[in-house]
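A short write-up of the structure that comes next.
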Amino acid sequence: MATILKFEDIVAWQKALELSDLIYEHSNKDKFSKDFGLRDQMRRASVSVVSNIAEGFEREGNNQFIYFLLVAKASAGELRAQMYVARNQKYITTEEFEKLNNKVLEVSKTISGFISYLRTQKKKV
């Protein structure tokens with residue numbers, strides 16, 4: 001793998017940004033937009049994924065980067081749990097839930113793969 005020069009080049013960050021955009025798009029609709037608690041918590045969780053990948057990249061060394069990637073992955077898990085609430089409250093359809101859930105799982109798997117890769121590297125990526 002080539003050296004990554006900026007966090008915007010990290011595939012996991014790109015996918016997380018797409019996920020965050022989707023969360024904002026869906027949470028702007030109808031009753032969902034009026035449930036300020038859930039709407040804001042889901043937005044914060046999705047932004048946390050994006051932000052922690054970026055922050056970890058800017059830290060010194062792979063161990064710190066891995067820590068922030070783990071935090072990002074945990075935020076993705078938090079977001080998945082909140083999506084069940086949104087579905088159960090009928091803020092999103094089952095079809096929308098499946099699309100979002102697949103995207104969150106994709107982000108989580110990408111982060112996990114990147115963590116595994118970083119653990120094999122001696123120098124900072």
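No lab work stands behind these numbers, since they all come straight from the coordinates. Just so it is clear, the structure is predicted and the values come from calculations on it, not from any experiment. All Cβ positions, glycine included, derive from the backbone under ideal geometry; neighbour counts span all protein chains shown.
Using the number of other C-beta atoms within 10 angstrom as an exposure proxy, rank Leu19, Leu79, Leu118 with the fewest first.
The fewest-first ordering by Cβ neighbours comes to Leu118, Leu19, Leu79.
Helix 62-88 sits at what angle to the longest principal axis of the chain, using alpha carbons and giving 0 to 90 degrees rounded to 10?
Tilt relative to the chain: about 10 degrees.
Restrict the search to segment 18-125; then list the GluC sites (Glu not before Pro) that DSSP places in a loop and that have at most 14 other Cβ atoms within 10 Å of their Cβ.
Passing sites in segment 18-125 are Glu60.
Express the Stokes-Einstein translational diffusion coefficient of the chain in µm² s⁻¹, to the nearest whole number, given a Kirkwood radius over alpha-carbon pairs, 20 °C and a viscosity of 1.002 mPa s.
145 µm²/s
Which FRET efficiency value, to the nearest 0.05, is calculated for Gln14 and Glu60 with the Förster distance at 25 angstrom and r the Cβ-Cβ distance?
Here the calculated transfer efficiency is 0.60.
Counting other beta carbons within 10 Å of each Cβ, put Phe97, Phe114 in order, fewest first.
Ascending number of Cβ neighbours within 10 Å: Phe97, Phe114.
Report the FRET efficiency, 1/(1 + (r/R0)^6), for Asp30 and Ala74, where r is their Cβ-Cβ distance and R0 is 30 Å, rounded to 0.05.
Efficiency at R0 = 30 Å is approximately 0.55.
Pairs of lysines 8 or more apart, or on different chains, with alpha carbons under 23 Å: count those in segment 9-119, would you?
So the count of such lysine pairs works out to 19.
How high is the relative contact order of segment 9-119, in percent, with contacts defined as C-alpha pairs under 8 Å that are six or more residues apart?
33 percent
Using 1/(1 + (r/R0)^6) with R0 = 35 angstrom and r between the beta carbons of Leu5 and Glu106, what's the FRET efficiency to the nearest 0.05?
0.90
Considering the dipole of the chain built from charges on the beta carbon (Lys and Arg +1, Asp and Glu -1) around the Cα centre, which of Leu69, Gln121, Ser48 is farthest to its positive end?
The residue sitting most towards the positive pole is Gln121.
Hey, what angle do you get for helix 11-27 against the long axis of the chain, alpha-carbon based, 0 to 90 degrees rounded to 10?
For 11-27 against the chain, the angle is about 10 degrees.
Where does segment 40-85 land on the Kirkwood hydrodynamic radius, alpha-carbon pairs, in angstrom?
10.6 Å
Determine, for Asp35, Asp30, Asp9, the number of other Cβ atoms within 10 Å of each Cβ, and report the residues in order from fewest to most.
By the 10 Å Cβ count, ascending: Asp30, Asp9, Asp35.
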